[in-house]
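Here is the structure we will look at, set down as structure tokens.
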Amino acid sequence: MAPRCSWMWRLPRCPLLGRNLSTTRRLGAGRSLSSKSPTPQICVVGSGPAGFYTAQHLLKHHSEAIVDIYEKLPVPFGLVRFGVAPDHPEVKNVINTFTQTARSERCNFLGNVTVGRDVTVEELQRAYHAIVLSYGAEDKKELGIPGEKLPGVYSARDFVGWYNGLPDNRYLSPDLSSETAVILGQGNVALDIARMLLSPLELLEKTDVAQPALEALSQSRVKKVWLVGRRGPLQVAFTIKELREMINLPGTRPIYDPSDFQGLGDILKDLPRPRKRLTELLVKSALEEPGEKEAVRRAQCTREWGLRFFRSPIAVLPSEDGKRASGVRLSVTRLEGSGESAVSVPTGETEDMPCGLIFSSIGYRSVPISPGVPFLPRQGIIPNSMGRVLGAPAGLYCSGWVKRGPTGVITTTMTDSFDTAQSLLEDLKSGALNLSNSRPGASAIRELLLLRGVDPVSFSDWEKIDAVETAQGLKVGKPREKILNTEEMLQLVSR
Ligand code: FAD
């Protein structure tokens, strides 16, 4: 990191107007130079759903605040672009709302800027009245078992990044030559991966799946996918919509062990509602004889998937030559306690599952962004109260997965981001957030970045990348053909 310059908050002068740049922008936003208190300058770190929903709420409920969004990639939208499965285009419609926010005169997008590397949180704190950390949970959780690093074992995070065109994962090139794949985990991400492995190619071809992934999947030999969970059917982490989609996936049939579901019908009425509906579907699908049409369909399927309960991985087994994974050793478990809080304990029995392709889908993990920002490593979150970072000076906030941990869908993230934005607005109103000095905001940070050789990507730059991706996609019947390489993205917008 370059040393801090003593003059770094000097505002650059606009050679045409002879005014400083932040004044120029404030005039552009239609506000008077004589306003009594300085304009609140706020920045958000991360342009996923948390960043955009936080910005949206702030802009909507404060008529003057300027909100700048810093993003490490040249492209916005976080996991909406790089996490949500390609065959869920309807989920990605939130991008339209985010685009409206980004086009606000009072919002700037600064892509291609990694906070913590290109600019520090402390430098942002000096340039802005408030910082909202919304940088998600980008790291993966490790299984912590022998053999985890063998070829043939992939983290869900990397595999998802690969099929979604995340530049960091473009060389993953997973080996899909095994007929059986095992996914360790029973959440929605595990179901996304199972669907991607088993979907008929003609369904994937029409999505924005990255081209190398589409090609690799077209050569895939995977026919059977197991989703393995430490606990039982009452504790699965996926949701009903994703389960239904899996059950109905063309060309595939589910495999169940009916004994896993015996007796569950009797306790259905006592379950809380979402769990009740999910379990009903599981029990129905596992225990009811399929109708004639469905029976014929299932008999014709060449691919299958199954849920394996009460199994916890204890080792990845190496092939005879030790060079790659050839299976996974599972500890058979039983439950202590009941319901959501039941814990799995080993029975002492083990079982080996042969397979050449293993995914660990046990969750994502946030990482600390700066030694000066409090972080709880065990929970993997920034300690906070309603989004106000605890143990930090006023003006530091957090939202999204880094605030509450890597669980929950986009609407959950929306609610918690609105809560954080509301806390910030209340602090502005109550005076808890000091506005007595004006702050230079993005103009000062831009100057600093320029000195460090970092050229931020604006939202209109992103719209150029978007236009190229959409046009490339149109040629092959896809909604977009994602550019997989950061340099290529930057070339498209180079001035
Ligand atoms: P993110 O979306 O991860 O955004 C964080 C952003 O911060 C990223 O753009 C990242 O590049 C940026 N960033 C990170 N570090 C820095 C830094 N140092 N400096 C600057 N920027 C930085 N929800 C649904 O509702 N439907 C779905 O179908 C669905 N599918 C999902 C599939 C997967 C595989 C995953 C993992 C999640 C899915 N979700 C889905 C959940 C949803 O994606 C999350 O709720 C949401 O993305 C969390 O938002 P966030 O902004 O906290 O994090």
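The values are calculated or read from the model by the stated rules, or taken from the named source; none is laboratory data. Note that the coordinates shown come from a computational prediction; the quantities given were computed from them, not determined experimentally. Quick reminder, even Gly has a Cβ in these numbers, built from the backbone with ideal geometry, and neighbours come from all protein chains shown. What goes into the accessible areas is simple: the full protein's heavy atoms, side chains included, and nothing from ligands, DNA or RNA. Shrake-Rupley method; radii C 1.70, N 1.55, O 1.52, S 1.80 Å.
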Taking the Cα atoms only, what angle lies between the long axis of helix 459-475 and the longest principal axis of the chain, rounded to 10 degrees?
40 degrees
Please determine, in degrees from 0 to 90 and to the nearest 10, the orientation of helix 188-198 with respect to the longest principal axis defined by the Cα atoms of the chain, where the helix direction is its Cα long axis.
60 degrees
The helix 442-451 Cα axis meets the longest alpha-carbon principal axis of the chain at an angle in degrees, between 0 and 90 and rounded to 10, of 80 degrees
Modelled label-to-label distance, GLU426 and ASP257, 7 Å Cα→beta-carbon offset: nm?
4.9 nm
Rounded Å value of the spacing that divides the Cα centres of the stretch 263-311 and the stretch 72-124:
38 Å
Sort out for me the Cα centre separation of the stretch 362-394 from the stretch 148-214, rounded to whole Å.
30 Å
Rounded to whole angstrom, the alpha-carbon centroid of the stretch 219-245 lies from that of the stretch 416-460 at a distance of 42 Å
Nearest-20 debye value, the chain charge dipole, Cβ charges on Lys, Arg, Asp, Glu
1360 debye
Work out how much length GLU349 to THR97 would gain on full extension: take 0.36 nm times their residue separation and subtract the Cα-Cα distance, in nm to one decimal.
85.6 nm
Value in Å of the Kirkwood radius, where the chain supplies the Cα pairs that are averaged
24.7 Å
Mean projected area (nm²) from the convex hull of Cα positions in the stretch 339-495 is 17.2 nm²
Taking the Cα centre of the stretch 140-364 as origin, work out the dipole magnitude from +1 charges on Lys and Arg Cβ and -1 charges on Asp and Glu Cβ, in debye rounded to 20.
320 debye
Excluding the sites themselves, what is the longest stretch of the chain that contains no chymotrypsin sites (Phe, Trp or Tyr not before Pro) in a DSSP loop with at most 12 other C-beta atoms within 10 Å?
172-495
Please list, in order along the stretch 90-95, the HN-Hα scalar couplings obtained from phi with the Karplus expression 6.51 cos²θ - 1.76 cosθ + 1.60 (θ = phi - 60°), rounded to whole Hz, x for Gly and Pro.
5, 5, 6, 4, 4, 4
Which whole-number value in Å² is the accessible area per residue of the chain, probe 1.4 Å?
45 Å²
ALA394: net charge of surrounding residues, Cβ under 13 Å, Lys/Arg +1, Asp/Glu -1, itself excluded?
-1
Toward the positive end of the charge dipole of the chain, about the Cα centre and with charges on Cβ (Lys, Arg +1; Asp, Glu -1), which of THR99, HIS57, LEU317 goes farthest?
HIS57
For all pairs of alpha-carbon atoms in the stretch 140-364, what percent lies in each bin of width 5 Å, listed from the first bin to the last filled one?
1, 7, 14, 18, 20, 16, 13, 8, 3, 1, 0
Which percent of the accessible area of the stretch 140-364 is formed by carbon and sulfur heavy atoms (probe 1.4 angstrom)?
51 percent
What does the C-alpha gyration tensor say about the overall shape of the stretch 304-381? Classify as rounded when a/c is under 1.5, otherwise prolate if a/b is larger than b/c, or oblate.
oblate
Across all directions of projection, what mean area in square nanometres is found for the Cα convex hull of the stretch 358-420?
5.0 nm²
Counting Lys +1, Arg +1, Asp -1, Glu -1, what net charge surrounds LEU278 among other residues with beta carbon under 15 Å of its beta carbon?
+3
